[in-house]
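Note sheet for the following structure.
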Amino acid sequence: MGAGKSEVISFKADASMARALAGVANRSEFIRQAVLMALEHCCPLCGGNGVLTPAQRRHWRAFERDHGLEKCLDCHEPRLVCRRSDQPERAS
């Protein structure tokens, strides 16, 4: 964890989550690691909420004029690619 004063953050868990967490030896550490991992995979545009604000949507539309999604030939996951003609072609 980073330097400085720690802060206690709590959340409500439904009964099934509480039962699942009851078997975890160090729940605090488990939850900290899960949150950190989720933050690393958070969408940089929507912040992880899955919805774009009208302003974010305008930025996305401007971005997608020269960019798009295509399937990676190696891992088969979608990836962002630049479609500008002045960009050198790259292998996936």
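Within segment 50-70, how many residues are surrounded by fewer than 11 Cβ atoms within 10 Å (Cβ to Cβ) and part of a strand (DSSP E or B)?
Residues that pass the stated criteria total 1.
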Practice item. Identify all residues within segment 34-64 that are small (Gly, Ala, Ser) and out of contact with any Cys (no Cβ under 9 Å at 6 or more places or on another chain); write none if there are none. Key: ALA34, ALA38, GLY47, ALA55, ALA62
Practice item. Would you mind stating whether LEU45 is at pLDDT 90 or above, in contact with a helix residue (DSSP H, G or I) (Cβ under 8 Å, 6 or more places away or on another chain) and assigned to a loop (DSSP other than H, G, I, E, B)? Key: no
Review point. Only one of these conditions is not met by SER85: (1) assigned to a loop (DSSP other than H, G, I, E, B); (2) surrounded by 10 or more Cβ atoms within 10 Å (Cβ to Cβ). Which number is it?
Key: (2)
Check your understanding: Name the residues in segment 1-38 that are surrounded by 10 or more Cβ atoms within 10 Å (Cβ to Cβ) and part of a loop (DSSP other than H, G, I, E, B), would you?
Key -> ALA13, VAL24
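The values are calculated or read from the model by the stated rules, or taken from the named source; none is laboratory data. Given the structure is predicted, the values throughout are model-derived calculations rather than measurements. Note that we place each Cβ from the backbone using ideal geometry, even for glycine, and neighbour counts take in every protein chain shown.
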